[in-house]
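Worksheet: the structure to be examined is printed underneath.
The values are calculated or read from the model by the stated rules, or taken from the named source; none is laboratory data. Computed from a predicted model, the values in this text were never measured in an experiment. Every residue, glycine as well, gets a Cβ built from its backbone with ideal geometry; the counts of neighbours run over all protein chains shown. Surface areas here come from the heavy atoms of the whole protein model, side chains and all, with no ligands, DNA or RNA. Shrake-Rupley method; radii C 1.70, N 1.55, O 1.52, S 1.80 Å.
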Amino acid sequence: MTRFDYDLFVIGAGSAGVRAARVATGFGARVAVAEADRPGGTCVIRGCVPKKLLVYAAHFREDLEDAAAYGWTTDATFSWPTLIANKDREIARLEDIYRTLLKSAGVSLHEGRAMLVDPHTVEIAARRYTAQHVLVATGGRPVRPDIPGAGLAITSDEAFQLAELPSRVLIVGGGYVGVEFGGIFHGLGAEVTIAYRGEQILRGFDDDVRHHLHDELVRKKLDVRLQRDLRSIERRGDGSLAATLVTAGTSQQLEVDAVMFATGRQPVTAGLGLEAAGVRLDAHGAVIVDEYSRSSVPHIHAVGDVTNRVALTPVAIREGAAVATTLFGGRRVAVDHRDVPHAVFGQPPVGTVGLSEAAASAAYESVDVYTATFRPLKYTLSGRNERTLVKLVVDAASQRVVGAHMVGPDAPEIIQGIAIAVKAGLTKEQFDATVAIHPTAAEEFVTLRDKRAARR
């Protein structure tokens, strides 16, 4: 019988890889993890966590403005270097926690770039290790469009380490990252332009959510330019950047201090030796897996963004735990990717779970839609002109709530609770039977009464 160095070798010490490793050792497996950068992965080091810290920082401007209406007098100034230094300190603390978690679980951490030499052998810095099972959890990286001057732009990776806050920023892309960083830079004092080639931001989200958020961004004085393509970037003599945008055959030049690509992410699979080991990849380089995250090579699995399924950290964590349980826990576990809640930490933020109105109309014969918009109570004294949207999408036949959507303060926190109800299959009647907490924005979800048929 072949004796392997490890029962499981995980490539990537991000959230998914670390969870898989810890669960596997809990079942008694011998586990190693390789990490080419810093333990914690995208989410902890250059993704969800530092982004949320910057979102908090950016929102203080409006909070301080609103404070005057509540009797507070403020004379605050903002320091980008202070924010970044404090952010870096917190991220270093979290990285140390990840290292400690691996060590306390008995996981061997190998720092360096790993690649498969053969289906059971991993090489790191000229040393080779064998494993009965391999888990690929290398995540994704930002996409840089192939245009003249692309090297002059930054991505979300570099945005967290800028030496100073740019005064004028062009963000290319209208998805999660573009909307979130648009709010961050704007809130911290920069002039922000968001250029997106599509007809509306947040492709894939409910149409009411997309249009409502667009209107709120414009109301906040962000310059949102739809159906625009970036053709080139040039450095000017004064150090600024000239970005050429094209729409309907005409071009415009925009002078900015920074261009940020928010044009999607791609799986990190190049140079891992996957194809040579027999692992099938799709056209985007993602590992093709089955419901148990198993690749075309039965003992090689993949989880998280590298599989291009649902690219969210909590989903990746569940996938990692499911693989470890399937391999070493004595039962097969598949992750249910339906009704996964999503959040966009823009300003205002978005929370959503379940089906959009359009998706529900395609899935069900008849759909009821309930919506409400209102000004949050907090803004009634300050007079801030911002409105919240809440929306429920209901299968008319069963009256099951199949989608819930919100744009406004605390939307992600509120939708996390609503997601339990949607996942459990609760009906509109059960929502209505729930007593409201007053005064809150969340109470709107249990007091919605005005119904319309879904648009088709």
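Here are a few things to note about the model shown:
- Over segment 256-394, the hull volume per residue, using the convex hull of the C-alpha atoms, is 207 Å³.
- Of the peptides 185-192, 350-357, 326-333, 201-208, the order by per-residue mean of other Cβ atoms within 10 Å, starting with the highest, comes out as 350-357, 185-192, 201-208, 326-333.
- Cα-only radius of gyration and Dmax that characterise segment 1-132, units Å: 21.0, 76
- For segment 46-106 and segment 215-235, distance of Cα centres in Å: 26
- Å² of accessible area per residue within the chain, as computed with a 1.4 Å probe and no ligands counted: 47
- Counting only protein heavy atoms and a probe of 1.4 Å, the accessible surface of the chain is 50% carbon and sulfur.
- From its DSSP helices (H runs of at least four residues, each -39,500 (n - 2.57)), the chain gives a residue-normalised ellipticity at 222 nm of -9500 deg cm²/dmol.
- Peptides 172-179, 294-301 ordered by average Cβ neighbours within 10 Å, highest first: 172-179, 294-301
- For segment 130-289, the dipole from Cβ point charges (+1 on Lys and Arg, -1 on Asp and Glu) about the Cα centre works out to 180 debye, to the nearest 20.
- Database remark: amide H of I154 closer than 5 angstrom to the amide H of V259, M260, F261 (H placed geometrically; neighbours at sequence offset of 5 or more, or on other chains; Pro and chain starts carry no H).
- Listed pairs K378/K451; K391/K451; K220/K378; K221/K451; K52/K87 exceeding 21 Å between Cα atoms: K378/K451; K221/K451
- Segment 417-454 and segment 397-411: distance between their alpha carbon centers, rounded to Å: 8
- Integer Hz, Karplus 6.51/-1.76/1.60 couplings in order for segment 259-275, x for Gly and Pro: 10, 10, 7, 10, 10, x, 10, 10, x, 8, 10, 5, x, 8, x, 5, 5
- Shape analysis of the chain yields a ratio of the Cα radius of gyration to the Kirkwood radius, Rg/Rh, of 0.99.
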